[in-house]
Amino acid sequence: MNDPHRELGQFLRRARANRDPQQTGLLPDGRVRRVPGLRREEVALLAGVSTDYYARLEQGRHLTPSPQVLDALARALDLDDAGVKYVRELVATAENPGARTRSHVQRVRPGLHQLLDSFSSQPALVLGRRTDVLASNALARALFADFNAMPAKHRNYARWMLLDPQAQELFVDWEEQARNAVEALRLDAAATPDDQGTQRLIGELSLACPPFRHWWSAHRVHQRTHGTKRLHHPLVGELDVQYETLVLPGDPRQALYVYTAEPGTESHDALALLSSWTHSSGTVVQRSRAEGSR
């Protein structure tokens, strides 16, 4: 994804195709719709721009829509918060190519490492650009995977989710979780279209994972703010964990994910048991996980 203008055009076309005409308030004109979604002229009418201008946006022409036009298009296409952020990122990187985020090694502050380790009962991860796993505490490694034991270039949440068979076994709703990971990766890539690490990751996943190619071509984006993950853990069985996302000051491309389970539930008991095993013997969880996969 090296041309933000082309990416914006493709995203707008997909969003237009997914928009239900009956939910827009437009009156039927009697014409037969040969394809799903809105026509270009209908989006233009709803957004208050000319059909020609909107058509050129979809064609990937080098135009710079104003914030007001982007807001109007977002309303016309009924974009969610992630979609709005995505189109703004694309326009910003297209308008200021010299100011695009450059590749640099992301590092987690020592104080943040201490904070992660202080969460004795809550799994916690720090994700960076392209969903790289920058840090994790012991309980997160026991709950999900031992990212620290992986080669550095493999410590990536989307890569693990899509290519590791144990991830497919762990998540009850793996397909939904994997699709969300792909959509989060696309959202992140909008701000760093020239990042070589992102391009290598996209290329690897495109070759190794057919579902990735399908989800990537859908041009959907997802922003993980909070939610629930349903797991079937090899040691403690079924459990649901809720997560909250905190963007870190000083580096908006780093986010802290903290997982909890509702008190008084079987999930809470399962997470407490896993925490007890993890802190009594850090090797037990990983050894049992490896034995269970044989």
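The values are calculated or read from the model by the stated rules, or taken from the named source; none is laboratory data. Computed from a predicted model, the values in this text were never measured in an experiment. Cβ atoms come from the backbone with ideal geometry, glycine included; neighbour counts cover every protein chain shown.
Data table
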{"read-out": "Hits in the stretch 201-251 (condition: crowded, with 16+ Cβ neighbours inside 10 Å and on the phi > 0 side of the Ramachandran plot)", "value": "H219"}
{"read-out": "Residue that is surrounded by the fewest Cβ atoms within 10 Å (Cβ to Cβ) [pool: residues in the stretch 160-181 that are aliphatic (A, V, I, L, M) and free of Cβ contacts under 8 Å to residues at least 40 places away in the same chain]", "value": "A167"}
{"read-out": "Options D194, D188, D173: the member that is under 16 Å from the mean Cα position of the chain (by Cα), at pLDDT below 95 and charged (D, E, K, R)", "value": "D188"}
{"read-out": "Residue in the stretch 241-262 that is modelled with pLDDT under 95 and assigned to a helix (DSSP H, G or I) present", "value": "no"}
{"read-out": "The stretch 15-28: number of residues that are in a helix (DSSP H, G or I) and surrounded by fewer than 17 Cβ atoms within 10 Å (Cβ to Cβ)", "value": "4"}
{"read-out": "Identity of the residue in the stretch 65-110, modelled with pLDDT of 90 or more and surrounded by fewer than 12 Cβ atoms within 10 Å (Cβ to Cβ), that ends up farthest from N18 (Cα to Cα)", "value": "P110"}
{"read-out": "Condition broken by N2, with the remaining ones in (1) assigned to a loop (DSSP other than H, G, I, E, B); (2) closer than 18 Å to D78 by Cβ; (3) polar (S, T, N, Q) satisfied", "value": "(2)"}
{"read-out": "Single residue of the stretch 197-240 satisfying the filter (within 18 Å of G128 (Cα to Cα) and charged (D, E, K, R)) that is farthest from the chain's Cα centre (by Cα)", "value": "R200"}
{"read-out": "R39 being closer than 14 Å to R16 by Cα and surrounded by 14 or more Cβ atoms within 10 Å (Cβ to Cβ)", "value": "yes"}
{"read-out": "Scope the stretch 198-225; condition within 16 Å of Q254 (Cα to Cα) and either outside the structural domain of R129 (by TED's automatic domain parsing) or part of a helix (DSSP H, G or I) (or both); matching residues", "value": "T198"}
{"read-out": "The stretch 1-28 residues that are closer than 11 Å to H219 by Cβ, paired with ones that are surrounded by fewer than 14 Cβ atoms within 10 Å (Cβ to Cβ) and among the β-branched types (V, I, T) (beta carbon under 9 Å, 6 or more apart)", "value": "A17/V35"}
{"read-out": "Residue match in the stretch 273-287 (condition: in contact with a helix residue (DSSP H, G or I) (Cβ under 7 Å, 6 or more places away or on another chain), modelled with pLDDT of 95 or more and of a type in the set (F, W, Y))", "value": "no"}
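This table checks each residue for (1) under 30 Å from V84 (Cα atoms); (2) in contact (Cβ under 8 Å) with a residue 40 or more places away in the chain.
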site: F212; (1), (2): yes, yes
site: E238; (1), (2): no, yes
site: A255; (1), (2): yes, yes
site: V258; (1), (2): yes, yes
site: L273; (1), (2): no, no
site: S276; (1), (2): no, no
